[in-house]
Amino acid sequence: MTQALRRVAAVALMLLPVVAAAAVPSDSQVVRVQQLLGFDEAFALTMDEKFDRSPELSHYSNSERTCVSGLVRPAFAGAMNNAFRDLFGDAAVVEDWERFAQTPGGARFMEFVRSGVVATVRNQPRPEPEQFMDGLTPAQLDDVAKFMSSPAAAVLKRDFPEVDLPQEQQATLAAKVQSQCGVELPKA
């Protein structure tokens, strides 16, 4: 190999990890995929339940509850966004999910997933897979089959990452709640 070819090969090998590196999903991609899957509604329902009906917050006045909610919701929304970013791992994977959602079969699949996520949060029965499969056209079935055999569908096999706040963020949040709202956060 000539000296010039060796240099070109060395540069190519050094650049390979840069080219192969996955782009982390953006904030807007994370929000869109949460909406596709119904986690935006599930998060809102969960937070509403926590702040409207939770016994450990019942001693707060309405203004204290509003203040605490205004600090806690964004902190946990950030943790949820990070969990989705970890789950999907790559902006291209999110793009594949969004493209799939644009197909007739993908739209029906996303509706099935959304309804299951929301039903779970509401402690209602989840829709059965048979309900999803009944009435699928051959084209919709083909959309779903193609997607399920794609690398992007591997997200469905992964464990969902933890959504808890790290200890240091919990301490910072508790201090903010104390200073801005005049109350202490209940111990988790």
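Brief remarks on what is shown
- Filtered residues of the stretch 53-63 (kept if touching a helix residue (DSSP H, G or I) at 6+ places or on another chain (Cβ under 8 Å) and assigned to a helix (DSSP H, G or I)): 57
- Filtering 105, 116 for residues that are without any contact (Cβ under 8 Å) to a residue 60 or more places away in the chain, buried (at least 16 other Cβ atoms within 10 Å of the Cβ) and not in a loop (DSSP other than H, G, I, E, B) leaves a single hit, 105.
- Residue within the stretch 127-149 that is under 23 Å from residue 163 (Cα atoms) and of a type in the set (Ser, Thr, Tyr) present: no
- The residues of the stretch 119-155 that are hydrophobic (A, V, I, L, M, F, W, C), closer than 30 Å to residue 50 by Cβ and either out of contact with any helix residue (DSSP H, G or I) (no Cβ under 8 Å at 6 or more places or on another chain) or in a loop (DSSP other than H, G, I, E, B) (or both) amount to a single one, 119.
- Any hit, the stretch 86-100, residues being part of a loop (DSSP other than H, G, I, E, B), in contact (Cβ under 8 Å) with a residue 60 or more places away in the chain and within 30 Å of residue 178 (Cα to Cα): no
Where a number appears in this text, it was derived from the coordinates with a stated rule and is not lab data. Since the model is a prediction, treat every value here as computed from it, not as a measurement. With ideal geometry, Cβ positions are generated from the backbone for all residues, glycine too; neighbour counts draw on all protein chains shown.
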